[in-house]
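Participant: First, the structure itself, so that you have it in front of you.
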Amino acid sequence: MKIGIVCYPTFGGSGVVATELAKGLAGRGHTIHIMSYARPARLDTLESDITYHEVSVNSYPLFEYPPYDLALATQMVNLIEYEDLDLLHVHYALPHATSAYLAKQIVRERGLDVPVITTLHGTDITLIGNDPSYKHVVEFSIDKSDGVTAVSEYLKNETYAQFEINQDIRVIPNFIDLDRFKKSNKSHFKKAICPNDEKVIVHVSNFRKVKRVPEVVQVFAKILESGIESKLLLVGDGPDRQKAEQQCRDLGICEHTRFLGKLDQVEEVLSIADLFLIPSGSETFGLAALEAMSCSVPVISSDIGGLPEVNIHGETGYLCALDDIDCMADYGVKILSDPKLHQQMAENARKRAERFEQDKIVAEYEDFYKEVSDGVIAKKA
């Protein structure tokens with residue numbers, strides 16, 4: 001198939017999943033055209049069956065904010081016509097699904113009918129869903145899609161709760177490249193950071209408020225207080241970094257904490273990790289947790305959103321109520337002070353991650369593409 005994929009280019013989950021899906025589909029013989037306003041972060045190598053198309057938005061004095069959604073729709077129309085696309089797969093409801101609907105109507109006037117699949121990732125529902133000014137547009141765009149998927153049961157249920165949606169929503173979870181995200185020997189790296197063989201605790205995020213990075217620091221401080229010699233490695237950057245750094249100073253734990261900034265090869269850090277912390281206030285799936293689990297790292301997370309669908313309490317790690325610092329610290333001490341428990345949870349984490357193996361999930365998308373395309377053809381007949 002010739003498939004157009006639309007995504008945001010950011011380091012966040014939706015952009016990562018869309019790009020890795022494109023790579024997986026290309027590896028299975030499909031031709032992929034990716035559209036975004038900048039090159040996606042994970043599209044960092046040349047792929048013979050993947051073409052990137054930058055959506056350029058021209059500036060006009062009339063517009064205070066150039067209309068990206070219209071420029072995107074125009075790009076979609078061009079690719080449908082000149083690249084003979086068989087299907088559009090847009091990641092994120094706004095404005096991607098809206099632009100796809102407009103493009104579909106335009107090409108339909110020219111005798112073309114291209115199925116549109118919309119994948120919901122999270123904040124397009126949980127954040128925009130709280131803004132009533134977008135409600136009707138979101139509902140319309142989702143309902144006019146030929147197929148809709150969500151990355152977790154939680155997100156599917158949340159979509160139905162917040163919007164009046166008539167479409168069936170298929171849950172196809174996020175996935176993991178097991179060959180990339182696996183524990184590897186990085187003993188030289190660990191020795192440099194932990195000369196006294198301290199335990200390594202890791203957090204990876206975009207440091208937005210919802211990720212609760214200051215809470216990560218608080219949990220770590222309590223683990224240190226318990227007598228567990230350890231280091232905290234914080235991977236990423238964002239608005240709450242300065243707040244977290246100040247908290248390290250206030251708690252007097254800067255010598256035990258390292259801010260590593262944004263890293264592409266996060267699996268190298270996860271390979272030396274003994275514990276992963278993700279106390280997020282909102283996670284529709286928890287891709288960072290899955291990446292850690294794939295590297296055989298036990299996870300302590302909040303019990304909100306889609307995290308309980310990934311991190312199984314008492315098996316791959318533990319779940320705690322939101323903002324329960326003591327709970328997370330206590331479980332952290334429990335895991336780090338019991339080698340047998342840690343080993344078992346590490347093995348369970350990897351086994352759990354194998355259920356989300358990339359090829360399995362890409363095959364689910366392939367089957368869904370065929371199902372939706374056949375349905376569109378049947379309706380046309």
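Each value in this text was obtained by applying a stated rule to the coordinates, not by laboratory testing. Fair warning: this is a prediction, and the values are worked out from it, not measured in the lab. Cβ atoms come from the backbone with ideal geometry, glycine included; neighbour counts cover every protein chain shown.
Participant: Would you please put 184-194, 81-91, 97-107, 158-168 in order of how densely packed they are, using the mean number of other Cβ atoms within 10 angstrom per residue and starting with the highest?
Facilitator: Sorting 184-194, 81-91, 97-107, 158-168 by mean packing, highest first, produces 97-107, 81-91, 158-168, 184-194.
Participant: Calculate for the chain the 222 nm mean residue ellipticity that helices alone would give, adding -39,500 (n - 2.57) per DSSP H run of length 4 or more and normalising by residue count, nearest 500 deg cm²/dmol.
Facilitator: Helix-only estimate at 222 nm: -13000 deg cm²/dmol.
Participant: Specify, per residue and in Å³, the volume enclosed by the convex hull of the alpha carbon atoms belonging to the chain.
Facilitator: Taking the convex hull of the Cα positions in the chain, it is 148 Å³ per residue.
Participant: Sticking with this one: Mind giving me the nanometre distance, one decimal, between the label points for ASP49 and HIS313, set 7 Å out from Cα along Cα→Cβ?
Facilitator: 4.3
Participant: Computed FRET efficiency, Cβ-Cβ of ARG208 and GLN105, R0 51 Å: what is it to the nearest 0.05?
Facilitator: 0.90
Participant: Around CYS327, what is the net charge, scoring Lys/Arg as +1 and Asp/Glu as -1 over all other residues with Cβ under 13 Å from its Cβ?
Facilitator: -4
Participant: Something else about it: When the Debye formula is applied to the Cα atoms of the range 1-136, each taken as the same point scatterer, what base-10 log of I(q)/I(0) results at q = 0.16, 0.18, 0.21 Å⁻¹?
Facilitator: Cα-only, vacuum Debye calculation for the range 1-136: -0.83, -1.03, -1.33.
Participant: Could I have the simple spin-label model distance between GLU83 and GLU225, label points 7 Å from Cα toward Cβ, reported in nm to one decimal?
Facilitator: Modelled inter-label distance: 5.5 nm.
Participant: Enumerate the lysines that LYS23 could reach by cross-link, defined here as Cα to Cα under 21 Å, with residues fewer than 8 away along the same chain left out.
Facilitator: Once the sequence-local lysines are set aside, what remains near LYS23 is LYS2, LYS182, LYS360, LYS370.
Participant: Sticking with this one: Could you work out the relative contact order of the chain, using alpha carbon pairs under 8 angstrom and six or more residues apart, expressed as a whole percent?
Facilitator: 13
Participant: Considering the Cα trace of the range 187-354, what is its radius of gyration and what is Dmax, both in angstroms?
Facilitator: Here Rg and the maximum Cα pair distance are 14.2, 41 Å.
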